[in-house]
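Input: a single structure, listed below in structure tokens.
Every read-out reported here was derived from the displayed coordinates using simple, explicitly stated rules and does not represent laboratory data. Computed from a predicted structure; not experimentally measured. Quick reminder, even Gly has a Cβ in these numbers, built from the backbone with ideal geometry, and neighbours come from all protein chains shown.
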Amino acid sequence: MAGEDPKELLFLCALQNAVKHGGVPQVGAVIGMVMGAHPELRSRAKEVSAVAKEAIADVAALSPEERVTTLQTRAPEMFAALSEKHEHKKVLPDLEGAENGVVMRFAPNPSGPLHIGHARAAALNDAYIRQYGGRYILRIEDTDPKRVDPEAYEMVVEDLKWLGLAITDTVTQSDRLHLYYVLCTQLIERGGAYVCTCDNEVFKELKNKKTACPCREQSVETNLVLWDRMLTHGFKEGEASVRIKTDLLHPDPAMRDFPAFRILDAPAHPKVIAHVYPLMNFSVVADDHLLGVTHVIRGKDHIANTRRQRYIYDHFGWKVPVYRHYGRMGIEGVVLSTSQMRLGINDGTYSGWDDIHLGTMRALARRGISPEAVKNAMLAIGIGDTDISFSWDNLYAENKKIVDPIANRYFFVPEPVTAKIEGAGPHTAHAMLHPSDAARGTRTLEFTGTVLLPKSEISPDVTMLRLKDLFNVKISWNGDTPTFTYAGDSLADARAAKAHIVQWLPAQATIACTIKTQEGDMSGACEPAVRSELGKVIQFERVGFVKIDAVGDEGIVAYYTHK
Ligand code: GLU
């Protein structure tokens with residue numbers, strides 16, 4: 001145990017730093033690190049600075065080998081902490097047949113921006129591609145015109161960019177209809193598909209009785225003629241479809257001769273004018289094959305599709321990719337349904353696709369969640385097939401690991417009340433921008449007599465407060481009226497009196513600040529220097545991390561990230 005000897009603490013801190021980085025650190029940085037880890041020393045700042053140079057010189061005098069052995073013997077726990085930093089992330093299980101690289105894809109429908117549900121497939125595929133090397137195809141699956149939002153094409157690409165995925169190729173299925181048509185002709189020629197002109201209800205009845213419809217027995221020639229008629233507008237919507245020959249005796253009726261192409265009369269597709277559209281099972285197989293996809297990772301809800309898709313692979317004699325289906329992930333607390341989101345945006349319930357009540361990537365970004373945290377949380381959930389519920393706390397914990405070392409610290413005073421402090425001369429508080437990175441410097445808060453304090457900290461049962469980085473204040477009560485009096489600088493006194501340490505602001509230097517949370521707004525005031533943090537995540541000490549969203553004449557708007 002290092003004890004409370006400042007020189008020893010400085011020496012060990014500099015030593016650990018030197019072992020880690022190879023060079024001897026700056027005096028200011030070491031002081032900052034020691035003060036950060038031992039706030040009780042801040043009141044002894046002079047004494048600490050006086051011995052710092054000497055402590056660091058002692059480290060500089062040691063050879064690199066001596067530094068290692070000294071740290072090992074004098075502070076084994078600090079030595080051990082150095083290697084803990086290299087702890088491995090939970091690795092995903094191996095994929096069979098991936099040794100020579102993989103081709104994988106993320107295949108969203110462009111029906112809205114990406115949300116936290118999409119992030120799992122996106123991140124798992126990404127991690128495997130990074131692990132094995134290969135190509136990562138973004139495939140926009142837009143062959144169902146009813147599920148296409150023209151704005152989503154761009155949003156999906158932006159969201160993936162934000163996530164930082166290793167996408168190597170992008171394809172859009174509506175650009176590839178001709179390829180699907182050619183493959184359909186080939187499949188008909190191989191006897192693997194037929195054009196069915198039965199009424200839907202009639203087909204359904206026959207299918208449920210495990211009976212073939214008359215179209216199934218048509219010759220290849222007849223099928224080719226009918227297929228051509230479909231493509232040349234000889235049929236209207238509902239009059240003809242292409243079906244894949246499967247197993248009419250399959251126990252699951254949904255497997256029996258499922259449809260592969262349909263006609264849509266008035267589809268109003270934003271990108272193509274077409275009459276015949278492939279259904280997902282056909283276009284997915286066609287593209288997985290044409291693009292050379294080796295491994296498919298998708299949710300358990302696609303298991304029945306995988307079964308259907310195998311029939312198409314078998315008819316063509318194509319190699320089937322390796323499939324992995326992960327379990328369902330329940331996500332609470334945010335809206336994920338695209339139609340519900342759109343309705344809410346249109347009626348003004350939500351401010352846009354990045355409204356913090358939504359589970360979109362853009363809402364998470366607005367709240368200050370970093371893309372790395374999203375990916376790490378998804379990798380921690382992994383690829384298992386057990387159904388789970390998504391844990392926001394785990395996501396926040398991942399995010400905290402990322403933002404905590406970066407975020408500058410500031411004071412925010414919720415519901416401020418003005419307090420005139422008697423008996424104190426001018427004081428200047430030097431509060432650290434980051435408690436473990438002195439090199440960033442300090443914020444200067446000038447006390448000139450009157451401060452803002454959080455309303456919740458002032459009630460008749462409170463007789464003493466410590467204004468953080470400043471001094472202690474005694475509160476005497478005359479009925480409901482408090483009087484605030486200077487009560488010395490000693491942190492030890494405040495501790496002994498069990499005084500709350502509170503954020504405060506000099507009354508003459510504040511700016512209004514609203515923190516938006518999913519539960520509602522928190523209004524207050526903060527340090528004017530927060531203006532310079534626009535777009536960044538900072539920590540309002542004792543309140544939590546927030547992202548600075550807007551800086552205007554009326555003040556600052558911040559979004560709450562997490563504790
Ligand atoms: N576009 C499909 C979906 O978003 C994905 C298809 C697949 O992964 O095979 O559900």
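A few remarks follow.
- Computed helical MRE - 222 nm, the chain, DSSP H runs ≥ 4 contributing -39500 (n - 2.57), nearest 500: -10500 deg cm²/dmol
- Between Asp489 and Asp58, the modelled label-to-label distance comes to 2.7 nm, taking each label 7 Å out from Cα in the direction of the beta carbon.
- Subset of Lys209/Lys236; Lys300/Lys400; Lys271/Lys375; Lys401/Lys536; Lys468/Lys547 violating a 20 Å alpha-carbon distance limit: Lys209/Lys236; Lys300/Lys400; Lys271/Lys375; Lys468/Lys547
- By the rule of a C-alpha distance below 13 Å, with chain neighbours fewer than 8 residues away ignored, the aspartates and glutamates paired with Lys563 are Asp393, Glu398, Asp404, Glu541.
- Selection of trypsin sites (Lys or Arg not before Pro), the stretch 24-113, meeting DSSP coil and at most 10 other Cβ within 10 Å: Lys85, Lys89, Lys90
- Calculated FRET value between Leu336 and Leu249, using beta carbons and R₀ = 41 Å, to 0.05: 0.60
- Ranked by how many other beta carbons lie within 10 Å on average, peptides 340-348, 156-164, 355-363, 378-386 from highest: 355-363, 156-164, 378-386, 340-348
- Mean sequence separation of contacting Cα pairs (under 8 Å, at least six apart), scaled by the length of the chain, corresponds to a relative contact order of 11 percent.
- Computed on the chain, the Cα convex hull volume stands at 196 Å³ per residue.
- Simple Cβ-charge dipole of the stretch 1-156, Lys/Arg +1 and Asp/Glu -1, about Cα centre, in debye nearest 20: 160
- Kirkwood estimate for the stretch 118-215, i.e. one over the average of 1/r between Cα atoms, Å: 17.1
- Loop-located GluC sites (Glu not before Pro) in the stretch 497-556 whose Cβ has at most 13 other Cβ within 10 Å (DSSP): Glu519, Glu554
- Partner lysines for Lys210 [C-alpha distance under 20 Å; skip if fewer than 8 residues away on the same chain]: Lys245
- In this structure the amide hydrogen of Glu422, modeled in the peptide plane, comes within under 5 Å of the amide hydrogens of Phe484, Thr485, Tyr486, none closer than 5 places in sequence on its chain.
- Qualifying chymotrypsin sites (Phe, Trp or Tyr not before Pro) for the stretch 164-206 [loop in DSSP, other Cβ within 10 Å: at most 11]: none
- The modelled label-to-label distance for the pair His178/Gln508, using points 7 Å beyond Cα in the direction of Cβ, is 7.5 nm.
- Near Phe390, the amide H atoms lying under 5 Å from its own belong to Gly330, Ile331, Glu332; only residues 5 or more places off or on other chains count, and H is placed 1.01 Å from N.
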